[in-house]
Amino acid sequence: MYRTHNCGELRTTHIGQEVLLSGWMNKNRDFGGMTFIDLRDRYGITQLVFNMDDDADLCGSARKLGREFVIQIKGTVRERSNKNPNMPTGDIEIEVSELNILNASKTPPFTIEDDTDGGDDLRMTYRYLDLRRKPVQNNIIFRSKLAIETRTYLAGQDFVEVETPVLIKSTPEGARDFVVPSRMNKGLFYALPQSPQTFKQILMVAGFDKYFQIVKCFRDEDLRADRQPEFTQIDCEMSFVTQEDILNTFEGLTKNLFKSMLNLDLPDFPRMTYDEAMERYGSDKPDTRFGMEFVELNEVAKGKDFVVFDSAELVVGINAEGAATYTRKQLDALTNFVKRPQIGAKGLIYVRRNEDGSYKSSVDKFFNQDDLAAWGEKMNAKPGDLLLVMAGETEKVRKQLNELRLHVGDELGLRDRTQFNPLWVVDFPLLEWDEESERFHAMHHPFTSPKKKDMERMMNGDHETMKSLRADAYDLVINGVEIGGGSIRIHDRDLQSRNFDLLGFTKEEAEAQFGFLLGAFEYGAPPHGGIAFGFDRLCSVMNGVDTIRDFIAFPKNNQGRDMMIDAPSPVHQEQLDELGLDLVE
Ligand code: ASP
């Protein structure tokens, strides 16, 4: 027997008991006559005491234990004279009578503490050591509980968990596929699923009615803090539902998860159309924890001989309340921020409202006090406020001002990580026109249904009409992060064919890629729709953390590499030969 208790459970009620504990040597404190050891396992830390006077040999062995040695001890629980109120086991300690070294350890390359001295690469290479650290372990345990809660809730709503294949044919969700060569079918490839989209729709045709899966998805995209080449979705689909049914079901799931995991009661989720989100925040995933909404200024800003404004499609600003104290240097920094190539604005105009009510702006040459007062009135500027104004092409300038709004929100401390503002964004456009490729792209994916009222226009309308079609597509946004997205699907073969047609598929291409789905639609496909939540993102947002990597046990780095197992890696020539692949150097 290795242990009678774990390292987190002994209390004063156990005083006098003889116990066996096993764990890792976390810390060793030597006071000459006495040696203290912190013994650690997943459940906590328990203090061990070795006394020179009682047993010099035993105490000597304890002193020699290195960090991360795995040991087993036998001892008696006793009350501590020096209690530690910060530790659950801080009222007791173990007077050790036997010590058994189960395994030695090399000195770890970084400290196994909440705040470690290890850099990213080192921690990823020795991920098993990094995973020993409490905060990292807590994240992975949080993830496990969240998955279990999700299953319990959805099972309670009659959802059936179905596994869909990982070796499939490409599903166009807009990203690049990972491909896998087939040995038995030389020259042919599987693709790893970007999502189980077509399979879950097929499950609806098969009559499963409610499906879910906590499932790995793969997208070969450039990586960012909130992206990994493989990530997990809570993937769901339902039959005989409208958008309203789906929003209600998954608002229910989300509220339940926040309650069970964080003991938070979320209020009903507000809804906003895509158009409104773009107008008010310049983003389809607005962070609604703070205001600073866009105010359009064309009416009051144009016609004063300021070319930048006169030539712009849109002049639009935000009111950073109380920020008139920004120094020249801070304002220059904001200007540089929007001029960065990632944002690409030409410049930024500011207007301060002074304490005496007057205005001071960076465009005083063109606008007098009355002009600026008209802006101030539109933007509800109070003395002490700072107005930030940008101009340009509508879509571009909105995107740029969105970045600035989030940045200033950060600077002013308005993005509180303990506050959660969920929002449904609805009524997305069905199609997006891409100037460069001169093609329509599906805004969500090619299976998304237009709104009922737009179906007729979709079947028969002209090119321009297509740009105005709206879809039954929705995103769940929390604190400016897209947590989930889905749509009501097309379940009619003709409508689906028309959509493929608009997306530039020839009949043959559509048939080759999606013949199975089009075929299934001819055998009694029920109306259906669904949603997928980004599971890793949900974990990170619920914990107020930006990077999803912290919630993945074995994540990849920014180059898409697993540093621990050193993947991707070359394969043997024989493997390539078997697959019929030639490597061109
Ligand atoms: N398959 C979609 C996605 O991965 C979600 C959905 O439409 O249900 O975003």
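The values are calculated or read from the model by the stated rules, or taken from the named source; none is laboratory data. What you see is a predicted model; the values in this text were computed from it and never measured. So basically every Cβ, Gly included, is an ideal-geometry build from the backbone, and we count neighbours across all protein chains shown.
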Check your understanding: Looking only at residues in region 472-481 that are away from the ligand (no atom under 12 Å from the Cβ) and not small (Gly, Ala, Ser), which one is surrounded by the most Cβ atoms within 10 Å (Cβ to Cβ)?
Key -> Val477
Point to revise | Qualifying positions in region 443-472 - touching a strand residue (DSSP E or B) at 6+ places or on another chain (Cβ under 8 Å) and closer than 18 Å to Ser239 by Cβ | key: Phe447, Thr448, Ser449, Asp472
Point to revise | Residue that is surrounded by the fewest Cβ atoms within 10 Å (Cβ to Cβ), among those in region 188-247 that are under 18 Å from Phe535 (Cβ atoms) and among the basic types (Lys, Arg) | key: Arg224
Study note, to complete from the structure: Residues in region 7-39 that are closer than 17 Å to Asn100 by Cβ, free of Cβ contacts under 8 Å to residues at least 40 places away in the same chain and in contact with a Phe, Trp or Tyr (Cβ under 6 Å, 6 or more places away or on another chain) total 1
Check your understanding: From the set of residues in region 502-516 that are under 33 Å from the mean Cα position of the chain (by Cα) and either of a type in the set (D, E, K, R) or surrounded by fewer than 21 Cβ atoms within 10 Å (Cβ to Cβ) (or both), which is farthest from the ligand (Cβ to nearest atom)?
Key -> Gly504
Review point. Which of the following residues is away from the ligand (no atom under 16 Å from the Cβ) and at pLDDT 95 or above: Glu237, Glu244?
Key: Glu244
Review point. Would a scan of region 278-288 turn up a residue that is in contact with a strand residue (DSSP E or B) (Cβ under 9 Å, 6 or more places away or on another chain), in contact (Cβ under 8 Å) with a residue 12 or more places away in the chain and among the hydrophobic types (A, V, I, L, M, F, W, C)?
Key: no
Exercise for review: Output yes when any residue across region 209-221 is outside any helix (DSSP H, G or I), away from the ligand (no atom under 13 Å from the Cβ) and hydrophobic (A, V, I, L, M, F, W, C), and no when none is.
Suggested key: yes
**Study point:** Test: residue in region 519-533 that is crowded, with 21+ Cβ neighbours inside 10 Å and among the β-branched types (Val, Ile, Thr)
**Key:** yes
Revision key, fill the gap. Taking region 100-117 and the residues there that are part of a strand (DSSP E or B) and more than 15 Å from Cys7 (Cβ to Cβ), the one that is nearest to the chain's Cα centre (by Cα) would be Asn103
**Study point:** Scan of region 544-562 for residues that are in contact with a Phe, Trp or Tyr (Cβ under 9 Å, 6 or more places away or on another chain) and crowded, with 19+ Cβ neighbours inside 10 Å, ordered by number
**Key:** Ile548, Phe551, Ile552
**Study point:** Considering residues of region 150-203 that are of a type in the set (D, E, K, R) and not in a loop (DSSP other than H, G, I, E, B) only, the residue farthest from the ligand (Cβ to nearest atom)
**Key:** Arg151
Review point. Conditions: (1) farther than 26 Å from Phe142 by Cβ; (2) assigned to a strand (DSSP E or B); (3) not aromatic (Phe, Trp, Tyr). Asp57 meets all but one. Number of the miss?
Key: (2)
Check your understanding: Looking only at strands (runs of 3 or more DSSP E) that fall completely inside region 358-469, which ones have 1 or more residues that are more than 16 Å from the ligand (Cβ to nearest atom) and free of Cβ contacts under 8 Å to residues at least 24 places away in the same chain?
Key -> 359-361, 431-434
Review point. What are the residues in region 60-92 that are in a loop (DSSP other than H, G, I, E, B) and in contact with a helix residue (DSSP H, G or I) (Cβ under 9 Å, 6 or more places away or on another chain), if any?
Key: Glu68, Asp91
Exercise for review: Consider Gly519 carefully, then state whether it is in contact (Cβ under 8 Å) with a residue 40 or more places away in the chain, within 26 Å of Lys452 (Cβ to Cβ), of a type in the set (Gly, Ala, Ser) and away from the ligand (no atom under 16 Å from the Cβ).
Suggested key: no
Review point. Can you tell me which residues in region 301-323 are surrounded by fewer than 21 Cβ atoms within 10 Å (Cβ to Cβ) and either over 12 Å from Ala391 (Cβ atoms) or under 29 Å from the mean Cα position of the chain (by Cα) (or both)?
Key: Gly303, Lys304, Asp305, Glu321, Gly322
Review point. Taking into account only those residues within region 482-498 that are within 16 Å of the ligand (Cβ to nearest atom) and over 30 Å from the mean Cα position of the chain (by Cα), which is farthest from Phe535 (Cα to Cα)?
Key: Gln496
Practice item. Collect the residues in region 114-134 that are loosely packed, with under 15 Cβ neighbours inside 10 Å and either under 23 Å from Gln559 (Cβ atoms) or in contact (Cβ under 8 Å) with a residue 24 or more places away in the chain (or both), keeping them in residue-number order. Key: Gly119, Asp120, Asp121, Tyr128
Point to revise | Residue within region 509-517 that is more than 26 Å from Tyr281 (Cα to Cα) and touching a strand residue (DSSP E or B) at 6+ places or on another chain (Cβ under 9 Å) present | key: no
